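Here's the structure we're looking at; comments come further down.
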Amino acid sequence: MAKKSQQEFVQHITPRDEDFSQWYTDVVRLADLMDYTPVRGCMAIKPYGYGIWELIQKEMDAAFKRTGHQNVSMPMLIPESLLLKEADHVEGFAPEVAWVTQGGTEPLTERLAIRPTSETIFCTMYAKWVQSWRDLPLLYNQWCSVMRWEKTTRPFLRTSEFLWQEGHTVHATAEEAQEETMRMLEVYRDFCENVLAVPVYCGQKSEKEKFAGAQATYSVEAMMQDGKALQSGTSHNFGTNFTEPFEVKFLDKDGAQKYAYETSWGTSTRFIGALIMTHGDERGLKLPPKVAPVQVVVVPVAAHKEGVLEGAKAVADRLTEAGLRVKLDDRDNVTPGWKFNEWELKGVPLRLEIGPRDLENRQAMCVRRDTFEKTPVPLDEIVESVKATLCAIQKNLYEIARAFRDARTKDVFTMEELEEQVNGGYARAMWCGERACEDEIKERFGATSRNMPFDQTPIAETCVCCSKPAKKLIYFAKAY
RNA sequence: CGAGGUGUAGCGCAGUUUGGUAGCGCGUUUGGUUCGGGACCAAAAGGUCGCAGGUUCAAAUCCUGUCACCUCGACCA
């Protein structure tokens, strides 16, 4: 009745199936993750969005520490001469570098790049820090922001400035560098699947798609709900591509001067975009419990009635003491129904409703964000029950995403099949290894090669594009 | 950067064709009644119409430029 007319004016999310891009933008804004700023292409990340990033940082940083890495901080500004030292690197990044040309009122004699990535400055420092084989390896990472002058931007997916982490390591041997490259790719895979609940395809990038200046690039590729690929993390083996021009040399055990072998690997706030587009639904965000700033929201019902607010608070306190991230929504200016919708929009995995009837029965109504399943839970068992349910949600989100991705990945053997498949998913195909075929597929279907899986069991004998003998099994998809 | 679209109160919009000094709903504030899926009544506050020029007695409205956002391409994480 009156309620209905009320609803018409409530801000609504564009249906996901109708316009996926608009849906994404709506969710990002309505869930209060970020806001636009007066600075072109640069967003303000609001507390709820930054809260997700902090959890991502915490989990990933722990994984870096476990694998022997340490954090450092490098300058944000890089002298132009350093950027010019590695030819492919300059060529790749030059179009999107922002420059500082003046200090105070004085023009600079050499302009300074605002870092688009920090290989050059790391190598410059490594040249000073590495003398002997005993100094190696150096396993450093930094959490910072970088700037790339993007022409078109989208919140979290492509912004001019973005927060990320970049690991840079140097090693005594090519083998160690390769091991490191693969180790960090595995860290990313594990993180995506077990923390973000985002299934990924791991593999090696083609020559065309590899990082500017790298010898080999590996990536983890996720699939969004519109079937497009999102490159979510990259791990590069540089060999001595940078250490030679930057003269990162060491005296080895055998008395010979050698160039160190280098790697780098990075992931960014793009992960937040991946979360939204992997798990979100028509009601908004759906966060995996491991990265949810609020894992459980406790909503008192009829909070003015005797004992309700106290009862709800007691439950919230117990859950907090048990180490969970809990929010007691004790606002008195919105109704419970309003709160339900708002916290669903914000993707909180679990909601506990506590009203007079619940307190009478010594229970709470437990509602899952992923299934909307509503179960009464005895207050005596609430901590164990909530913990178990959060685990179940984490698992369920991964399984749903995994099933979706698998259903949208198909082996293709002809260009017709490839065209159809990249319209809403990944095409797994054989490829001759030639750049020309990648170019043709890009040109005709707008799809790019994503990566080449490590399991190279062939599915056909000839290239999907040119029919020459196939050399590689590779994924194609349209990408963000 | 190419093609298209949109900028009017915190949010969603009307008004622009045919210039006349800005309106609706939600939200906000205050008081009261409510409270198990987006409550109701009453009163109030809130806008240099994206920005900069121009035309005009008069511009949200017409002209020029510019900026931001959205969609589709090209490019990248």
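Table for the structure above
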item	result
Listed residues A:Pro199, A:Met277, A:Pro75: farthest to the positive end of the dipole of chain A (Cβ charges)	A:Met277
Kirkwood estimate for the range A:30-142, i.e. one over the average of 1/r between Cα atoms, Å	17.2 Å
Among A:Ala479, A:Met452, A:Gly355 the positive-end extreme of the charge dipole of chain A (Cβ point charges)	A:Gly355
Value of [θ]222 nm, deg cm²/dmol, for chain A, DSSP H segments ≥ 4, -39500 (n - 2.57) each, nearest 500	-10500 deg cm²/dmol
Overall Cα dimensions of the range A:141-236, principal axis frame, Å, largest first	40, 29, 27
Two-decimal Rg/Rh across the range A:296-389, once Rg and the Kirkwood Rh are taken from alpha-carbon atoms	0.92
A:Thr173 versus A:Thr109: modelled label distance in nm, points set 7 Å from Cα along the beta carbon direction	4.5 nm
Along each principal axis, Cα extent of the range A:225-299, largest first, Å	69, 30, 17
Leading residue at positive end of dipole, chain A (Cβ point charges), from A:Tyr24, A:Phe122, A:Gln421	A:Tyr24
Among beta bridges that DSSP assigns inside the range A:368-480, antiparallel share in %, nearest 5	75 percent
Pairs of Cα atoms farther than 34 Å apart, the range A:20-279, %	18 percent
Chain A, dipole about Cα centre (Lys/Arg Cβ +1, Asp/Glu Cβ -1), debye to the nearest 20	620 debye
Ratio of Rg to Rh over chain A (Cα coordinates, Kirkwood Rh, two decimals)	1.02
Assigned charges on the beta-carbon of Lys, Arg, Asp, Glu; the range A:234-354 dipole about Cα centre (debye)	120 debye
The range A:409-477: equivalent-ellipsoid semi-axes (sqrt of 5 x gyration tensor eigenvalues, Cα, Å)	16, 13, 11
Extension reserve of the A:Ala407-A:Glu384 stretch, reckoned as 0.36 nm per residue once the Cα distance is removed	4.8 nm
Whole-Å distance, taken between Cα centres, linking the range A:86-111 and the range A:232-305	27 Å
Where the Cα pairs of the range A:79-209 fall when distances are cut into 10 Å bins, in %	10, 29, 39, 18, 4, 0
Distance between the range A:164-179 and the range A:356-377 - C-alpha centres, whole angstrom	50 Å
Dipole magnitude (debye, nearest 20) for the range A:20-279, charges at Cβ of Lys, Arg, Asp, Glu	420 debye
Shape category assigned to the range A:275-348 from the gyration tensor of Cα positions, a/c cut at 1.5	oblate
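Values in this text are rule-based calculations from the coordinates and carry no lab data. Computed from a predicted structure; not experimentally measured. When we count neighbours, we look across all protein chains shown, and the Cβ atoms used for this are built from the backbone with ideal geometry, even at glycine.
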